[in-house]
1. Given the criteria over 17 Å from the mean Cα position of the chain (by Cα) and at positive phi, does Gly160 qualify?
2. Tally the residues that are open to solvent by 40 Å² or more (accessible area, probe 1.4 Å) and in a loop (DSSP other than H, G, I, E, B), restricting the search to the range 260-319.
3. Could you tell me whether any residue of the range 75-88 is in contact (Cβ under 8 Å) with a residue 40 or more places away in the chain, in contact with a strand residue (DSSP E or B) (Cβ under 6 Å, 6 or more places away or on another chain) and surrounded by 20 or more Cβ atoms within 10 Å (Cβ to Cβ)?
4. Would you check which residues across the range 225-259 are at negative phi, open to solvent by 40 Å² or more (accessible area, probe 1.4 Å) and among the small types (Gly, Ala, Ser) and list them?
5. Any chance you could count how many residues in the range 140-168 are in contact with a Phe, Trp or Tyr (Cβ under 8 Å, 6 or more places away or on another chain) and assigned to a strand (DSSP E or B)?
6. Give me the residue from the range 177-211 that is free of Cβ contacts under 8 Å to residues at least 40 places away in the same chain and either assigned to a strand (DSSP E or B) or touching a strand residue (DSSP E or B) at 6+ places or on another chain (Cβ under 7 Å) (or both) and, out of that set, least open to solvent (accessible area, probe 1.4 Å).
7. Of all residues in the range 332-350, which are polar (S, T, N, Q), more than 17 Å from Tyr218 (Cα to Cα) and open to solvent by less than 80 Å² (accessible area, probe 1.4 Å)?
Amino acid sequence: MGQKAKKILLLLASVVVLCAVIIVANTQAQKRKLAVSMDFIMDTVIEQKLYGKNGQQAVDEISRRLREYEQMCSMYLEESQVSQINQNAGKEYIEVSDQCLELIERSKQYAGQSNGLFDITIAPLTTLWGITSDHPKVPSQQEIDKAKALVNYQDILIDGNKVMLRREGQAIDLGAVAKGAACEIVREVAQQYEITSGYVSIGGNLIVLGEKPDGSAYRFGIRDPQGEESEYLGTISLEGKTMATTGTYERWFEQDGVRYHHVIDPRTGYPADSDLLSVSVISEDGLLADCMSTALFIEGKEAALAKMQEEEYQLVIVDQEGTVYCSPSLKGNFEPNTENKHSYTYQYAS
């Protein structure tokens, strides 16, 4: 081969290498392309931070689908499927979408597993107290007893794609599961748009997609239930998982010197008198995390400690004495905030 031919081949090889470098660099740049969004949907703040070449399309689609989801499941929107079920309680079945049906069926299933501590037919009580409204109040015992008598997940009747509540006056409130279940929408859209890095916060419920673009783990703080919004107990990585937290600090009001929080115990009709300050549940399943955080908060410390070895989820709980208990499988992941002003004691449950 002549010198001229060798020079041409070397030049071509250099061009190929250069093109490959440019392609790789461009691919990496596309993976690091960031799309952010802040919306108010489902009566809560939705924060999105997604990386990828289709990030903006994914962000827009998630917002669109969450608004659509709210139109389906909010008890406060008159035309929603859930409102239609509530308005026709004791009268007739209402046909619902597959998505709405699955949400109600799974909620009923978890209600049974929690012996009714988690119950989406809690609406007569939540409406009566109005803790999440602009005008909360402490109802009379007579009012509470009347509303409490209407709460029973077994009165959710399902016939194919049709749903009915057995008795007039009953109503479904999906507020305790809607945010967790919505995490699956995020996961579906992310897969559709090839998003493998980022996170979405749905009113405090988190879903995390993969690692950061630099390969490090996303880490999030678990809020101190006795502190301000910016104060945290410790940090945890949530690669590919969701986290839901139930605590007394979330929504509450005070009357005659007594503080009433939003987590109603269906057994008493009053805000749960729990020996826990907060329960955080980490799971791949957002709906499960939401259900269990509510049920275990109401049931209390003993029940939560008995669930520390579960395979489907992990727990971080805080009791009234200031002890933070973590599932053993979180060792090496959960990092306590040793500078927290409340001086918590941290331990892994056995």
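1. On the way: over 17 Å from the mean Cα position of the chain (by Cα): yes; at positive phi: yes.
Taking the combined requirement at face value, the residue satisfies it.
2. Looking only at that region, the number is 14.
3. Yes, the range 75-88 has at least one match.
4. Of everything in the range 225-259, just one residue is at negative phi, open to solvent by 40 Å² or more (accessible area, probe 1.4 Å) and among the small types (Gly, Ala, Ser), namely Ser230.
5. Taking the range 140-168 and keeping what is in contact with a Phe, Trp or Tyr (Cβ under 8 Å, 6 or more places away or on another chain), we get 144, 157, 159, 162-164.
From the residues that got through so far, the ones that are assigned to a strand (DSSP E or B) too are 157, 159, 162-164.
The total comes to 5.
6. Val208
7. Let us first name the residues in the range 332-350 that are polar (S, T, N, Q), namely 333, 337-338, 340, 343, 345, 347, 350.
From what is left, the residues that are more than 17 Å from Tyr218 (Cα to Cα) are 338, 340, 343, 345, 347, 350.
Passing the criteria: Asn340, Thr345.
The values are calculated or read from the model by the stated rules, or taken from the named source; none is laboratory data. Here the structure is a predicted model, which is why all the values come from computation and not from measurement. Here the Cβ is made from the backbone with ideal geometry for all residues, glycine too, and neighbour counts use every protein chain on show. Remember, those area values only see protein heavy atoms, side chains included, never the ligands or the DNA or RNA. Shrake-Rupley method; radii C 1.70, N 1.55, O 1.52, S 1.80 Å.
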